[in-house]
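Below is one structure, written out as structure tokens; comments come after it.
The values are calculated or read from the model by the stated rules, or taken from the named source; none is laboratory data. Worth saying up front: this structure is predicted, and the values here are computed from it rather than measured. We place every Cβ from the backbone using ideal geometry, glycine too, and count neighbours over all the protein chains shown. The area values use the complete protein model at the heavy-atom level, side chains included, leaving out ligands, DNA and RNA. Shrake-Rupley method; radii C 1.70, N 1.55, O 1.52, S 1.80 Å.
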Amino acid sequence: AIRNVIDNDYDAMYSSQINERRVFRYPPFCRIIDITLRHRDAEVLNGAAATFAAHLRQHFAGRVVGPEYPNVPRIRSLYLKKIMLRFDRNEPIAQAKGVILRLGEELRADKGYASVMIHYDVDPQ
């Protein structure tokens, strides 16, 4: 990609990038739901993220990526963890959204994780 930029070869760069996106299942070849969990205590966050990801894997198997710390793992005294779900482009995700929201509510119903904040982003830009 860098060589293509230096050479000002837009077509080659586009071809390379679009093929990578196809192989690794990124948009525009799939839909993504990004889930960000936040908490002041890194230990609580790690436990909540691991539990949430395990429950997601029970329903969505190979579609779950993470949990991982993002490039900036702490903002305004809150630690962050990200979980990503990938769905085929032609696959309806409305039913999946309901399952994901229910699992998030179940996680927060646990007293130890009640203060964990969960943010959902469908098809992030």
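Of the residues making up the stretch 29-52, those that are of a type in the set (A, V, I, L, M, F, W, C) and farther than 15 Å from MET117 by Cα are PHE29, CYS30, ILE32, ILE33.
Note on the stretch 8-50: among residues that are over 24 Å from the mean Cα position of the chain (by Cα) and open to solvent by less than 90 Å² (accessible area, probe 1.4 Å), the one that is farthest from ARG86 (Cα to Cα) is ASP9. In the stretch 66-88, the residues that are polar (S, T, N, Q) reach residues that are assigned to a loop (DSSP other than H, G, I, E, B) and open to solvent by 50 Å² or more (accessible area, probe 1.4 Å) with C-beta atoms within less than 8 angstrom, at least six apart or across chains, in these pairs: SER77/ARG40. Checking the stated criteria, ALA61 turns out not to satisfy the condition of being open to solvent by less than 50 Å² (accessible area, probe 1.4 Å), of a type in the set (A, V, I, L, M, F, W, C) and closer than 23 Å to VAL122 by Cβ. Output yes when any residue across the stretch 69-83 is within 19 Å of ARG31 (Cα to Cα), open to solvent by 40 Å² or more (accessible area, probe 1.4 Å) and not β-branched (Val, Ile, Thr), and no when none is. Yes: one or more hits.
Taking the criterion of being touching a residue at least 24 places away in the same chain (Cβ under 8 Å) and of a type outside the set (A, V, I, L, M), the residues of the stretch 89-109 that qualify are ARG89, GLU91, LYS97, GLY104, GLU106.
Looking only at the stretch 84-125, filter to residues that are within 26 Å of VAL23 (Cα to Cα), of a type in the set (A, V, I, L, M, F, W, C) and under 15 Å from the mean Cα position of the chain (by Cα); which one of those is most open to solvent (accessible area, probe 1.4 Å)? The extreme case among them is VAL122. The single residue among ALA61, ALA50, ALA54 that is aliphatic (A, V, I, L, M), out of contact with any Ser or Thr (no Cβ under 8 Å at 6 or more places or on another chain), at positive phi and without any contact (Cβ under 8 Å) to a residue 60 or more places away in the chain turns out to be ALA61.
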